[in-house]
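Undergrad: Below: one structure in structure tokens.
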Amino acid sequence: MTARMSNNGGHPKGLYPLFFTEMWERLAFYLMVGILFLYAIDTERGGLGLPMGQAAEVYGTYLAFVYFTPFLGGMIADRFIGYRKAVLIGGILMAAGLFLLGVRSLTTFYGGLTLLCLGNGFFNRRRRRSTRRTANSTANPWKCASPLMTDHTNLAIRDTPQGSRSASFSV
């Protein structure tokens, strides 16, 4: 089985949507990790004004479910809906969750976080499987998979104070 190649760079056509959905999902996750607690406790600039203890519980619960839901989402996708539908459902749930978080209300805050966790559960594991399938369908799998898999690693090392521009991992 061979993948359809694009004219720019010889990568499979499906690699570009996979890369941009990965980038979008990581942006949403790290944005939430960075500002969720601050938004929850803020009282002066439009935050929710939650007590520190309650904000810490919400933050910890959100992180726990972000890492736990891909297990359940993977089981549901494998047994019932398939990985393509799982990616679509996950993306829609994540987008709806982000839009709900844009409305300042405690109800939409919890609803948005719930949708983000559920969307991540359907989305995360399926996207990685799609990347492996795209990589396995080409003659040289690392040629198509390495840009997607190593970009985050290279950026993380390069952006640390100890890192240098030449440091990188190989997958």
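The values are calculated or read from the model by the stated rules, or taken from the named source; none is laboratory data. Given the structure is predicted, the values throughout are model-derived calculations rather than measurements. Cβ atoms come from the backbone with ideal geometry, glycine included; neighbour counts cover every protein chain shown.
Undergrad: Going through T134, T153, T114 one at a time, which residue ends up being within 16 Å of the chain's Cα centre (by Cα), in a helix (DSSP H, G or I) and at pLDDT below 55?
TA: Numbers: T134 fails: within 16 Å of the chain's Cα centre (by Cα); T114 fails: at pLDDT below 55.
T153 is the lone residue from the list that is within 16 Å of the chain's Cα centre (by Cα), in a helix (DSSP H, G or I) and at pLDDT below 55.
Undergrad: Okay, moving on. What tally of residues in the range 6-35 results from selecting those that are in a loop (DSSP other than H, G, I, E, B) and crowded, with 16+ Cβ neighbours inside 10 Å? I'd like the intermediate steps shown before the answer.
TA: Applying the first criterion (in a loop (DSSP other than H, G, I, E, B)) to the range 6-35 yields 6-11, 13-14.
Next cut, crowded, with 16+ Cβ neighbours inside 10 Å only: 11, 14.
Total satisfying the criteria: 2.
Each row is one residue, and each column tells you yes or no for (1) surrounded by fewer than 13 Cβ atoms within 10 Å (Cβ to Cβ); (2) in contact with a helix residue (DSSP H, G or I) (Cβ under 6 Å, 6 or more places away or on another chain).
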position	(1), (2)
F37	no, yes
E44	yes, no
L48	no, yes
Q54	yes, no
E57	no, no
A64	yes, no
F68	no, no
T108	no, yes
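Undergrad: Only one of A86, A56 is touching a Lys or Arg at 6+ places or on another chain (Cβ under 8 Å), of a type in the set (A, V, I, L, M) and assigned to a helix (DSSP H, G or I). Can you tell me which? Can you show your working first?
TA: Numbers: A56 fails: touching a Lys or Arg at 6+ places or on another chain (Cβ under 8 Å).
Just a single option satisfies the conditions, and that option is A86.
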